[in-house]
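I have placed the structure first, in the form of structure tokens, so that the comments after it can refer back to it.
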Amino acid sequence: NAIVRSHEAITEHFIPQSDLVLFVTSVERPFSESERLFLKKIQSWSKKVIVIITKIDAVESETDLLQVVDFVKKNYADLTRTGALVFHISAKTTLKEKLGKSQSESKLPSHYNQFKDLEKYIHETLDASERLQLKLSSPLNVCAKLLSTYRTLLDQQAELTRGDIAVMKDITEDIEIFEHDMKRDFKYQESRVDNILLKLKERGDTYLDETLRLSNILMLVRDEKMKSDFELRVVRDSTSQIDSLVSDIIDWIVEKNKSEWKKVIDKLKRRAQPEKVSIQSDEFEITRKELLQSIGNNISDVLRSYDKHQESIALSNKIQQSMFHAVALAGASALGMGALLSVSLLDFTGILGASALAATGLCIIPYRRVTVKREFDKKIDNLRERLMGALQTHFDDELHNSCTKIRDAISPFSTYVQKQERHYKEHSVKLDELVEQTKTLQDK
């Protein structure tokens, strides 16, 4: 209740060092709210307290005084859960008595002034043994108070750390689910491309059955006609379909990657402002917040710089190059995809016109049809394997790189929370040992 706030701070500073507290309240304003809060601070240090009610010469009657005493005792018990040792005094009356001056004009009988009882209690009732008990118990109570404070602080940090660990586990599981789902869904994406090649194979077998006949001898000896007819009836729009599907796959990969990054940053942002947890350790909280903000900013930068169009172009160029390599012939890299696919498939059948027929003769065309279809089917199977392999390789690389980047981005915070978990376990064990040792000493 000091007018000068620094005086109150000085008083609070001496509380932990005191062995006995004389808590003074006035009969005019007994147990005010500010006094109640101050007594609560004293009680937190487990100090022995004597309550002194002053200025009793100001009350009008014994009834009024007893009402004040009852009020103080009740509020003290409500706050501390213990009974109060109360003395009611008039310092003014006592001083006049000690100076030999006239008595005060107090309306209360003199025995209500318990100043002498207070002196007797301090000098006689508190004998050497009890004073020693107070002197020894005071530092133990302070120790118990500090240990309790550190336990609360440690438990608060542990609660926050457990939440961080749960989030990191959740993010790790999300990444694993993301990988699993991407691999599962990619099988469907692959099947769409594979379906195009299977239909191409069916059309090729049908084309060879219908074309490799003696009745088509004039077309068979014309290379250009054979090529254009094969491309028109067999290859058709296969390359544009494959290109379209590959483009869809690329967009799907890029969009899924960005979505996973965003999911991670959203969870980390929520952890930066945890609910219902108040940490009193500035160092712990600042370090944690700075780390979360740093990681969050880094991931946000990744998302801001993540240009889906540019990512799609870069990935598309890699895949297209691999697909061209999968079907390319030596010296044929300048051809378009459709023509390249047509020449690649047709040339492997060994029926590029007159030169082939001159070598084999007309009479073996029916027999040659079976061999050509077998070679064609083999070529298609080989093409499917190489195209699927190219797609699979780039998909695996892209998925691995994306997941690795996410894991690397959150790695500092993951390491931090694991370190804090070890810190809590080590300090908790040590704190429990100190609490037990202090309790043992207090019980003696």
Other-chain or far-sequence residues with amide H under 5 Å of F23's (modelled H): I50, V51, I52
Heavy-atom SASA rank of V51, V86 (probe 1.4 Å, accessible area, largest first): V86, V51
Eligible lysines near K98 by straight Cα distance, threshold 22 Å, same-chain separation 8 or greater: K55, K107, K116, K120
Paramagnetic reach from F71 (point 7 Å along Cα→Cβ, amide N under 18 Å) across segment 23-54: 24-39, 51-54
In Å², nearest 10: area of D155 left accessible to a 1.4 Å probe: 60 Å²
Probe 1.4 Å, all protein chains present, accessible-area order of Y121, Y207, largest first: Y121, Y207
Heavy atoms of L108 accessible to a 1.4 Å probe, total area in Å² rounded to 10: 20 Å²
Computed E for H13/A58 - FRET, C-beta separation, R0 25 angstrom, nearest 0.05: 0.20
Extension gain from T149 to L95, taking 0.36 nm per residue of separation minus the Cα-Cα distance: 15.2 nm
Sites E159 and R386, calculated FRET efficiency, Cβ-Cβ separation with R0 56 Å, nearest 0.05: 0.50
For Q114, residues with placed amide H under 5 Å, excluding near neighbours: H88, I89, S90
Distance between modelled label sites at V429 and D266, nm, 7 Å Cα→Cβ extension: 4.1 nm
Candidate aspartates and glutamates - alpha carbon under 15 Å from K373, same-chain residues fewer than 8 apart omitted: E202, D205, D209, E210, D347, D381
Additional length obtainable on full extension of the chain from D229 to S191, 0.36 nm per residue less Cα span: 10.9 nm
Per-residue SASA entry for K419, accessible area with 1.4 Å probe, Å² rounded to 10: 120 Å²
By accessible area with a 1.4 Å probe, ligands and nucleic acids excluded, highest first: order of Y424, Y150: Y150, Y424
Extended-chain gain in nm, criterion 0.36 nm per residue less alpha-carbon gap, R422 and V24: 138.6 nm
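The values are calculated or read from the model by the stated rules, or taken from the named source; none is laboratory data. Bear in mind the structure is a predicted one, so any value in this text is a computation, not a measurement. Here Cβ is always computed from backbone atoms with ideal geometry, including for glycine, and neighbour counts include all displayed protein chains. Please note that ligands, DNA and RNA were not included when accessible areas were found on the heavy atoms of the full protein model with its side chains. Shrake-Rupley method; radii C 1.70, N 1.55, O 1.52, S 1.80 Å.
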